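**Student:** Here's a structure for you.
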Amino acid sequence: MKPVVIIGAGPAGIRAAQTLVAHGVRPVLLDEAARGGGQIYRRQPANFKRSPVKLYGFEAGKANALHQTIDALREQLDYRPETLVWNAEDGALDTLHEGHAARLAFSRVIVATGATDRILPVPGWTLPGVYSLGAAQIALKFQGCAIGERVVFAGSGPLLYLVAYQYAKAGAKVVAVLDSSPFSAQASALPGLLSQPATLAKGIYYRSWLTAHGIPVHQGVSLKRINGEQRVQSLNWSNSKGEQPLDCDAVAFAHGLRSETQLADLLGCEFTWNPLNRAWLPQRDSAGRSSVAEVYLAGDGAGIMGADAAEMAGERAALALLEDIGYLIPPQRGAQLEQALGRIDTFRQGLERAFVFPERWAADTPNDVMICRCEEVRAGDIRQVVREGHWEINRVKAHCRVGMGRCQGRMCGAAAAEIIACESQRCVSDIGRLRAQAPIKPLPFGLEVES
Ligand SMILES: Cc1cc2nc3c(=O)[nH]c(=O)nc-3n(C[C@H](O)[C@H](O)[C@H](O)COP(=O)(O)OP(=O)(O)OC[C@H]3O[C@@H](n4cnc5c(N)ncnc54)[C@H](O)[C@@H]3O)c2cc1C
């Protein structure tokens with residue numbers, strides 16, 4: 001019999017697995033990471049000994065609970081870590097584990113693939129020493145390393161303050177935090193943010209802690225360029241008073257997160273434009289059912305909602321799946337989860353208002369800025385294709401190869417869409433959706449294929 005498969009052992013995937021096991025279903029749980037936990041509760045290598053409080057701060061209790069859950073489920077699951085899903089189609093997934101490719105047929109699948117940083121490039125962003133905010137956090141959380149000795153954090157979104165705080169708390173030198181959102185945006189977002197007072201309090205704490213420890217925090221500013229020859233040596237930022245230089249040897253930057261939607265796309269899910277996430281997202285009902293009968297969606301991979309919501313959405317999707325295969329599921333738990341998810345959604349709307357998208361980014365980006373580093377496509381190359389009359393993103397890709405390289409648009413897709421929209425004077429929702437292509441992540445040459 002074909003198994004139920006879950007892709008992603010983060011908060012969403014683990015809670016989905018737990019729910020299935022609790023009803024007597026033994027799912028296959030696939031994750032490309034070595035240890036379950038996902039991004040927020042990423043675990044350190046087995047021989048590292050930092051305490052959960054050191055690693056996860058206020059979230060240590062939740063991290064412990066999730067790790068204990070997956071550890072306790074080990075025997076009741078077919079858990080396959082270090083297994084990348086690189087393609088999906090017609091009831092089957094293509095996987096890669098230790099250099100071996102294999103095909104796994106499924107009866108139903110829960111896609112819980114999480115998110116990555118949304119990158120809006122600036123001049124100099126490809127220099128060694130420049131990281132995304134998430135990558136800077138991974139270096140610290142996973143390996144206990146800082147990305148440099150004098151680090152600037154820039155961009156926007158909740159991770160900006162959190163990662164700057166984590167670095168400073170761990171003893172790294174944080175030179176400054178450059179937030180592109182103005183303070184007025186954060187003040188006006190308060191009513192929505194107050195729907196989750198505990199989460200809001202943590203955000204305020206991180207921000208205040210940085211200021212109290214003498215770390216300059218500038219709001220409503222733009223990161224203009226990152227300077228250096230062999231690696232980062234300084235950067236320039238600007239506000240209404242003009243441009244200023246800042247010495248540093250590393251920069252971490254991003255503007256919020258973007259959902260990992262490629263597998264949902266390859267599985268045939270319908271997508272709709274989501275103005276809150278400023279992205280195309282796979283359609284799902286309130287229980288996590290996609291437009292394809294066998295496919296369920298949960299967590300940040302279906303829209304950025306945060307870790308608590310991911311846990312709930314994972315459980316909710318698993319309950320929907322169980323119901324669909326004939327289990328009698330009392331409706332109360334599903335309704336409770338949906339109500340709680342609704343409350344988090346109100347908070348999310350507040351967050352998007354607090355950390356506003358920098359609308360001027362596309363217009364202000366110089367022609368020579370590299371947008372697609374895999375295929376070396378610059379902003380000017382994309383604009384040239386638009387001037388030749390193409391504005392649908394897949395056509396633009398065909399003409400200049402933006403999004404055609406190893407990352408398959410996971411890094412550059414959002415930025416390319418903004419440039420195309422701005423140059424063609426269309427809304428970003430009107431230039432189409434970059435279609436996913438397999439392999440969604442790079443594969444080694446000479447793969448051994450198991451039959
Ligand atoms: C780098 C990063 C750091 C973050 N840090 C924080 C933080 O400190 N605090 C916070 O509140 N929020 C943080 N977030 C947001 C937070 O990760 C999410 O809200 C939460 O983890 C979502 O849970 P999830 O289960 O949906 O996805 P995730 O936790 O992202 O889990 C998804 C899992 O799917 C796996 N996966 C993805 N694609 C594939 C594939 N093709 N094949 C196999 N496996 C795959 C991944 O390895 C991962 O383990 C971070 C996000 C990122 C991207």
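**Student:** Is there a residue in region 61-74 that is more than 20 Å from the chain's Cα centre (by Cα), in the same structural domain as residue 284 (by TED's automatic domain parsing) and buried (at least 19 other Cβ atoms within 10 Å of the Cβ)?
**Tutor:** Yes.
**Student:** Let me ask something else about it. So residue 53 ticks every box in (1) within 12 Å of the ligand (Cβ to nearest atom); (2) farther than 29 Å from residue 262 by Cα; (3) surrounded by fewer than 20 Cβ atoms within 10 Å (Cβ to Cβ) but one. Which box is left unticked?
**Tutor:** (1)
**Student:** Which of the following residues is away from the ligand (no atom under 16 Å from the Cβ), aliphatic (A, V, I, L, M) and on the phi < 0 side of the Ramachandran plot: 190, 200?
**Tutor:** The match here is 190.
**Student:** Another question, then. Hey, could you check region 290-301 for residues that are among the hydrophobic types (A, V, I, L, M, F, W, C) and more than 8 Å from the ligand (Cβ to nearest atom) and say which is nearest to the chain's Cα centre (by Cα)?
**Tutor:** Applying the filter and picking the extreme gives 297.
**Student:** Something else about it: Go through the residues of region 37-48 one by one and say whether even a single one is crowded, with 19+ Cβ neighbours inside 10 Å, within 8 Å of the ligand (Cβ to nearest atom), in a helix (DSSP H, G or I) and among the β-branched types (Val, Ile, Thr).
**Tutor:** Checking region 37-48: not a single residue is crowded, with 19+ Cβ neighbours inside 10 Å, within 8 Å of the ligand (Cβ to nearest atom), in a helix (DSSP H, G or I) and among the β-branched types (Val, Ile, Thr).
**Student:** When you scan region 277-370 for helices (runs of 4 or more DSSP H) that lie fully inside it, which ones turn up with 3 or more residues that are within 27 Å of residue 432 (Cα to Cα)?
**Tutor:** Of the helices (runs of 4 or more DSSP H) lying wholly inside region 277-370, those with at least 3 residues that are within 27 Å of residue 432 (Cα to Cα) span 331-354, 361-364.
**Student:** Determine whether residue 333 is basic (Lys, Arg), over 23 Å from residue 20 (Cα atoms), away from the ligand (no atom under 13 Å from the Cβ) and surrounded by fewer than 22 Cβ atoms within 10 Å (Cβ to Cβ).
**Tutor:** no
**Student:** Just name the residue that is nearest to the ligand (Cβ to nearest atom) out of those in region 101-134 that are assigned to a loop (DSSP other than H, G, I, E, B) and either β-branched (Val, Ile, Thr) or modelled with pLDDT under 95 (or both).
**Tutor:** By that ranking, first place goes to 113.
**Student:** Here is a follow-up. Taking into account only those residues within region 75-84 that are touching a Lys or Arg at 6+ places or on another chain (Cβ under 9 Å) and not in a helix (DSSP H, G or I), which is surrounded by the fewest Cβ atoms within 10 Å (Cβ to Cβ)?
**Tutor:** Of everything passing the filter in region 75-84, 78 is surrounded by the fewest Cβ atoms within 10 Å (Cβ to Cβ).
Quick grid of which residues meet (1) within 16 Å of the ligand (Cβ to nearest atom); (2) under 24 Å from residue 86 (Cβ atoms); (3) of a type outside the set (D, E, K, R):
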site: 218; (1), (2), (3): no, no, yes
site: 223; (1), (2), (3): no, no, yes
site: 226; (1), (2), (3): no, no, yes
site: 229; (1), (2), (3): no, no, no
site: 242; (1), (2), (3): no, no, yes
site: 266; (1), (2), (3): yes, yes, yes
site: 286; (1), (2), (3): no, no, yes
site: 309; (1), (2), (3): yes, no, yes
site: 323; (1), (2), (3): no, no, no
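**Student:** Just need a number here: residues in region 10-36 that are of a type in the set (Gly, Ala, Ser) and surrounded by 24 or more Cβ atoms within 10 Å (Cβ to Cβ).
**Tutor:** Residues meeting the conditions: 6.
**Student:** Six or more apart or on different chains, Cβ atoms under 6 Å: show the pairs whose first residue is in region 28-47 and touching a residue at least 24 places away in the same chain (Cβ under 8 Å) and whose second is hydrophobic (A, V, I, L, M, F, W, C) and near the ligand (Cβ under 6 Å from one of its atoms).
**Tutor:** Within 6 Å, the pairs are 29/9; 30/7; 30/85; 31/9; 32/84; 36/9; 40/307.
**Student:** Does at least one position in region 202-225 carry a residue that is among the small types (Gly, Ala, Ser), surrounded by 20 or more Cβ atoms within 10 Å (Cβ to Cβ), touching a residue at least 24 places away in the same chain (Cβ under 8 Å) and within 25 Å of residue 57 (Cβ to Cβ)?
**Tutor:** Among the residues of region 202-225, not one is among the small types (Gly, Ala, Ser), surrounded by 20 or more Cβ atoms within 10 Å (Cβ to Cβ), touching a residue at least 24 places away in the same chain (Cβ under 8 Å) and within 25 Å of residue 57 (Cβ to Cβ), which makes the answer no.
**Student:** Kindly indicate whether residue 268 is assigned to a loop (DSSP other than H, G, I, E, B) and assigned by TED's automatic domain parsing to the domain that holds residue 133.
**Tutor:** The answer is no for residue 268.
**Student:** Also: I'd like the full set of residues that are farther than 28 Å from residue 185 by Cα and either of a type in the set (Gly, Ala, Ser) or in contact with an Asp or Glu (Cβ under 6 Å, 6 or more places away or on another chain) (or both), limited to region 219-233.
**Tutor:** 228, 232 - these are the residues of region 219-233 that are farther than 28 Å from residue 185 by Cα and either of a type in the set (Gly, Ala, Ser) or in contact with an Asp or Glu (Cβ under 6 Å, 6 or more places away or on another chain) (or both).
**Student:** Any chance region 31-53 includes a residue that's in the same structural domain as residue 321 (by TED's automatic domain parsing), hydroxyl-bearing (Ser, Thr, Tyr) and farther than 14 Å from residue 314 by Cα?
**Tutor:** There is at least one residue in region 31-53 that is in the same structural domain as residue 321 (by TED's automatic domain parsing), hydroxyl-bearing (Ser, Thr, Tyr) and farther than 14 Å from residue 314 by Cα.
**Student:** Same structure, new question: Looking at 310, 302, 335, 340, which is the one that is over 30 Å from residue 223 (Cα atoms) and assigned by TED's automatic domain parsing to the domain that holds residue 14?
**Tutor:** Only one candidate qualifies: 310.
The values are calculated or read from the model by the stated rules, or taken from the named source; none is laboratory data. The structure presented is a predicted model; accordingly, all values stated were derived computationally and were not measured. Glycine also receives a Cβ, built like all others from the backbone with ideal geometry; neighbour counts cover every protein chain displayed.
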